[in-house]
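The values are calculated or read from the model by the stated rules, or taken from the named source; none is laboratory data. No experiment lies behind these values; they were computed from the predicted model shown. Note that each Cβ is placed from the backbone with ideal geometry, even for glycine, and that neighbours are counted across all protein chains shown.
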Amino acid sequence: MKKNWKNILVWAALLGATGSFTACDLETPPTSSVDVESVFGSTSDAEMVLEGVWRYLLDANSGDRNPSWGTIRMTDDCMGNDIVETNRYGANTRYDFTDIYGRANSAGSLVWTLIYAGVNNANNVLDNIDDATGQTEDRNRIKGQAYGLRGYMYLELASHFSFAIDKDPNAVCAPIYTKTTDFAQASEGVAASSVSEVYAQAISDLENALELIPTNYARTAKYQMNRQVVLGLLARANLYARNWQKALDYSEELLGLNHYLMTEEEWKSGFNQVSNNEWIWGHPQTADQHGYSQILNYLNTTETSSTYYSLMVDPYFRELYNDGDYRKDQIYWSPTPSQNPATATILWMRNEKFRYYDANSKYGDVVLLRSGEVYLINAEAKARLGQNSAAVARLNELRTARGATLASSSLSGDALVEEILVERRKELWGEGFSLVDIIRNQKAVERRDWPDTNFDYTWVDNNGVTQTRSIPTAGHRIINLPDGTPFVPNSKYYLWRIPNTEETANKHLYENYQRLSIYD
């Protein structure tokens, strides 16, 4: 991508450096504060703004433990069922549920920063693109991509900053901005909308994107939104909002355009190349981009070149896979790769799913949407609508591709939905869906204590001799909420919360919907 994005998004870069941002901080000079004619004089200029937003989202960070947009993905998985955090580096306060619930937390503040930076820049494009010189088709397409960006940002707000829409559709969520916001407009902020309204805004924006982005648009990079990306986000958004028929319709249309599922060889290649044909939407990273790529230092636990070795696997999670499923092959007991097994004191269960594209520079491309998820959205929507045989058939298409045992054709109702939700855990491990699935389905986190057991670990030493040692194993070390009580549905500890800085600065925040009592 071009490098002169910095000239357009200086304000956003400064916000990212401070790690502190509220919707009221939109008073910080946005792109509207520079010469609009020079920034949006042409469609190519406007496109450069969108390009810069994606670069900012995936590069800005407030330290290694908050790796840009990867922060929300990593936090979602660390607060779920299937990742065990070793307490070695970085993510331990997410894993033990003491980070995002706290008032002054770096993870929540950074994500709030990133989301509203994306929203404001999308609004800037929408406010100015009609006056830009260029082809009408280009103007419409860029406008559609700006709607898509904004819709994606609001989807993240709706699915993280409030409980499930069917728990309380009128629960407070977050402010909605649909116009570029400058100092005069944002000095006192705007009232927060409900979770229903934020979901509706996300879906409306994405529907506008679908209408405006030409069906024949041939993107030049996979981070750009085309029709397939928008269909996938609409399927995801409607699933989360419990609009089952729309989730089915959009996912069905998308699978009609792209139903590719990667081979075993592709799956085992490291989940690091945007050229993967199953990746519908992804962001290419380069050696000079260490924002989102930083997450690989936590997820990559099987290469000696990795840094943190923090995010392991719950040993019980491996039992969800049947023998023959090649995803299971990548999950195994092992000491730290750089450690001599002859002196290792502990074994962790590791997942070889994520590896560096370049081990020296330690980076890899970012997957944002792939068809494996769309199969599961489609299957779940069908199951929720009572289309049991069609849901099982779709689920089994995915399982066949993974070498897994097929689901029984007799499955129906809640049992079928649960089967699909477990498959989401198996298929999407480490990709940032765990906490969202727990929240949207009003489920409790499930963690079991791992007993003190040893595993007979076998390796070949430097002399080529096969050795075996019985070494202690480890599993979950946090199996209760911070107050010592068991995990329950709709716990206050699951929810990303409006940052304290927003509550302090935004005088109108709770005018329409009352503050959540769990914040007290």
Subject >> Breaking point among (1) closer than 22 Å to residue 363 by Cβ; (2) touching a residue at least 60 places away in the same chain (Cβ under 8 Å); (3) acidic (Asp, Glu), for residue 303 >> reply: (2)
**OP:** Mind listing whichever residues of the range 77-89 are under 15 Å from the mean Cα position of the chain (by Cα) and either surrounded by fewer than 24 Cβ atoms within 10 Å (Cβ to Cβ) or in a loop (DSSP other than H, G, I, E, B) (or both)?
**Re:** 79, 80
Original post:
Which of the residues that make up the range 322-365 are among the charged types (D, E, K, R), within 21 Å of the chain's Cα centre (by Cα) and assigned to a loop (DSSP other than H, G, I, E, B)?
Top reply: 352, 353, 355, 362, 365
Original post:
Can you tell me which residue in the range 227-262 is farthest from the chain's Cα centre (by Cα), limited to those that are over 30 Å from residue 162 (Cβ atoms) and in contact (Cβ under 8 Å) with a residue 12 or more places away in the chain?
Top reply: 257
Original post:
Pick from the range 466-477 the residues that are of a type outside the set (Ser, Thr, Tyr) and modelled with pLDDT of 95 or more: which of them is nearest to the chain's Cα centre (by Cα)?
Top reply: 476
Original post:
What do you reckon, is residue 448 in a loop (DSSP other than H, G, I, E, B), surrounded by fewer than 17 Cβ atoms within 10 Å (Cβ to Cβ) and touching a helix residue (DSSP H, G or I) at 6+ places or on another chain (Cβ under 9 Å)?
Top reply: yes
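Quick grid of which residues meet (1) outside any loop (DSSP other than H, G, I, E, B); (2) surrounded by 17 or more Cβ atoms within 10 Å (Cβ to Cβ):
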position: 395; (1), (2): yes, yes
position: 400; (1), (2): yes, no
position: 416; (1), (2): yes, yes
position: 426; (1), (2): yes, yes
position: 470; (1), (2): yes, no
position: 477; (1), (2): no, no
Original post:
Within the range 191-228, which residues are of a type in the set (Phe, Trp, Tyr) and either modelled with pLDDT of 95 or more or not in a loop (DSSP other than H, G, I, E, B) (or both)?
Top reply: 199, 217
**OP:** Give the residues of the range 285-330 that are in contact with a His (Cβ under 8 Å, 6 or more places away or on another chain) and under 17 Å from residue 87 (Cα atoms), sorted by residue number.
**Re:** 314
Subject >> residue 231 being outside any loop (DSSP other than H, G, I, E, B), in contact with an Asp or Glu (Cβ under 6 Å, 6 or more places away or on another chain) and among the aliphatic types (A, V, I, L, M) >> reply: yes
